[in-house]
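K.L.:
Got a structure here, written out as structure tokens. Questions coming.
The values are calculated or read from the model by the stated rules, or taken from the named source; none is laboratory data. As the structure is a prediction and not an experimental result, all values here were calculated from the model. Virtual Cβ from ideal backbone geometry, glycine too; neighbours counted across all protein chains shown. When the accessible area is computed, the model is the full protein with side chains, heavy atoms only, and any ligands, DNA or RNA have been set aside. Shrake-Rupley method; radii C 1.70, N 1.55, O 1.52, S 1.80 Å.
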Amino acid sequence: MMHPSTRKDFISLTLTDPNCHIYNNAKHRKQSYWRKWKQLSRLQRSLILFLLALTLVLALLSYSHISKPRTDFSKKEDWLEMNKDELKRAFPDLNLKPVVSPHSVTDPKGPNSHIFQKLPINKKILKRGPPNLQKNVNVSHTFVMGRQEQVQDEEENGEKQKKLVSWRGAMIEADQVTEPPPSAIEKVAAGVPVPAIPAATVPTTGEFGGLDRLEAVRDAFRHAWKGYKDYAWGHDELKPISKSFSEWFGLGLTLIDSLDTMWIMGLKEEFAEAKQWIEQKLSFNQNVDVNLFETTIRILGGLLSTYHLTGDQLFLNKAKDLGSRLMPAFKTPSKIPFSDVNIGKGTAHPPRWTTDSSMAEVTSIQLEFRELSRLTQDPQYKEAVDEVMRQVHKLPGKHDGLIPMFINTNSGQFSHRGIYTLGARADSYYEYLLKQWLQGGKTEDELLEDYIEAIDGVKKHLVRQTGPRKLTFVGELSHNRFSPKMDHLVCFLPGTLALGAHNDLPGDHMDLASQLMETCHHMYKQMETGLSPEIVHFNLHATDNNDINVKPADRHNLLRPETVESLFYMYRFTKDPKYREWGWEILQSFNKYTKVSDGGYTSINNVRDPENLEPRDKMESFFLGETLKYFYLLFSDDMDLLSLDKYVFNTEAHPLPIWPSPPK
């Protein structure tokens, strides 16, 4: 048996000497604490000091509240708001906004709205388009920085970002018609001033709540315009999250693209300040390369339409100046224009990587140049673009009216043959065939023949149905192999088909328009955010559960207008209220997922994940010039507001008058 060890007792003695100090290790402890403090990182020391300071402030605030008469807060929110105000006074730079998701906060104007406050996490984004248009978007994932801090951050991480270029791809879009009034050029020639169309003042109320919806569109425009005015005034495009801007041409692109939208909506104050900038600041005498197509549809088209709506000579003078500076693009061996023009030097050239121009680029500038000739009585503009159409009309290499995507500016022949699409780089060729015919008073038979043949080719080679819901869509053809791929850009087609059917073209065009409109609606409806991706792939097999598949690289939404555009046409011609309802759903989704709290709307990278939208920090000019304009026209009950029997819209939604029919 083992016994426990004997317990030992100890006696502690403390010896003192009256001539010496009592020993203790306080000094050594102080040295040890200081050593540990120095071993901490700068971030750790800063955090500790901040917490100590915050604790002290909170203690002082608590003492001040205890010394005051007690307030009976009926709600927890009241107490939190009181403390928020106190903290704001103590720390004016402290961000106290409640974060809902990693990239958004709740919009006070709507439930569950994502109002962007933070920049997205660094991610490589795959983009379509020519090499110089492809770019890795690299933005900070910290809180929104000011302009100076953002530039510094970019420089610390390497070379500054190159200019971000948006490749739109080119819209990248019964009874005899009532004869329109005398043209502007006739009145100018006769010395009679062109009458201005009065700006809208009071929205028209409709049976579907038109007043509220029109005002909602106006509010959206004001919010987008506020961001542009505050952070990008006079520049091309707003970067709403970083509160800065990007330049493409340096010509106030968003401002000019928005002019006729403001006039139509009756936003007189905004229009007046934009006009003042054009009068005092806009100059085309700049050593800058511009894209012929984009400059024509956005700037030249915007100036011409604003002239027609207002009767103000300022806009026509600017249009004439720009039009003359774009003409060097047509000085090529084939008369097929180069894609780029230096409007200051008067020189033009193709892209660095090719001698080709895209078909959409060279065949979607006709409405604007033809109208410029009519107004100025200078035939050079119309002759140049008509020559392009004459050559394309007789070119070999079409496939039942369908055209390849590119044309060589030296030979004037199609290049990259065998690929046929109604998406990027080809789409607005088909649109402008019909609209030129309408613009010219239905007299140019070759244009109509090419359009009808092309639609027949679309139905024969590109139209298919999905397996699950039998949704009709338009795919692509690559060397006789069909691909069920459809760009969102193709959603211009229902509106164009409906416009043709309205002007006595075959009735089955309207049937196809209705079917495609349903599909474009599902491209929004079947996404988790209610917003369409840039590109979808359709399922052809009935065994599949989903009609639509979206590849990760195609999940971005650029605030594009094509679906809203077609909804506008379909409602004008059918009066079916479902098209308005679909449009209202899309507008609500834009407000919920793309609205930025301080002003503006941003394109996003991921329409499939509402909690990880990955904002791109870019608001394209066409959001104000097209998307919001078509929303407004869709919800308006005034069928005479830009009557489709009197106006034809260019591919950037700028209305131009239909010419009077020539005397028989």
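K.L.:
Taking the criterion of being among the basic types (Lys, Arg), more than 20 Å from the chain's Cα centre (by Cα) and within 21 Å of residue 639 (Cβ to Cβ), would at least one residue in region 550-558 satisfy it?
P.N.:
No, region 550-558 contains no residue that is among the basic types (Lys, Arg), more than 20 Å from the chain's Cα centre (by Cα) and within 21 Å of residue 639 (Cβ to Cβ).
K.L.:
To continue, here is another question. When residue 247 is evaluated against the numbered criteria (1) touching a Lys or Arg at 6+ places or on another chain (Cβ under 7 Å); (2) crowded, with 18+ Cβ neighbours inside 10 Å; (3) charged (D, E, K, R); (4) under 27 Å from residue 350 (Cβ atoms), which criterion, by number, is the only one it fails?
P.N.:
(2)
K.L.:
Would you call residue 397 assigned to a loop (DSSP other than H, G, I, E, B), in contact with a strand residue (DSSP E or B) (Cβ under 6 Å, 6 or more places away or on another chain) and at negative phi?
P.N.:
Taking the combined requirement at face value, the residue does not satisfy it.
K.L.:
For residues in region 413-472 being open to solvent by 20 Å² or more (accessible area, probe 1.4 Å) and among the acidic types (Asp, Glu), which is nearest to residue 649 (Cα to Cα)?
P.N.:
The residue in question is 444.
K.L.:
Looking only at region 504-527, which residues are of a type in the set (S, T, N, Q) and open to solvent by less than 10 Å² (accessible area, probe 1.4 Å)?
P.N.:
519, the sole residue that qualifies.
K.L.:
Any residue in region 224-231 that is open to solvent by 20 Å² or more (accessible area, probe 1.4 Å), assigned to a loop (DSSP other than H, G, I, E, B) and at pLDDT 95 or above?
P.N.:
No, there is no match, as no residue in region 224-231 is open to solvent by 20 Å² or more (accessible area, probe 1.4 Å), assigned to a loop (DSSP other than H, G, I, E, B) and at pLDDT 95 or above.
K.L.:
So which residues in region 528-549 are open to solvent by 40 Å² or more (accessible area, probe 1.4 Å) and more than 23 Å from the chain's Cα centre (by Cα)?
P.N.:
Within region 528-549, 540, 541, 542, 543, 544, 545, 546 meet the criteria.
K.L.:
Would you pick out the residues in region 316-352 that are in a loop (DSSP other than H, G, I, E, B) and closer than 24 Å to residue 286 by Cα?
P.N.:
Residues satisfying the conditions are 331, 332, 337, 338, 339, 343, 344, 345, 346, 350, 351, 352.
K.L.:
Just give me the residues in region 281-315 being open to solvent by 10 Å² or more (accessible area, probe 1.4 Å) and in a helix (DSSP H, G or I), in sequence order.
P.N.:
308, 310, 313, 314
K.L.:
List the number of the failed condition for residue 392; all other conditions in (1) in a helix (DSSP H, G or I); (2) farther than 29 Å from residue 459 by Cβ hold.
P.N.:
It is condition (2) that residue 392 fails.
K.L.:
Can you give me the number of residues within region 403-412 that are surrounded by fewer than 24 Cβ atoms within 10 Å (Cβ to Cβ) and part of a strand (DSSP E or B)?
P.N.:
Going through region 403-412 one residue at a time, the tally reaches 2.
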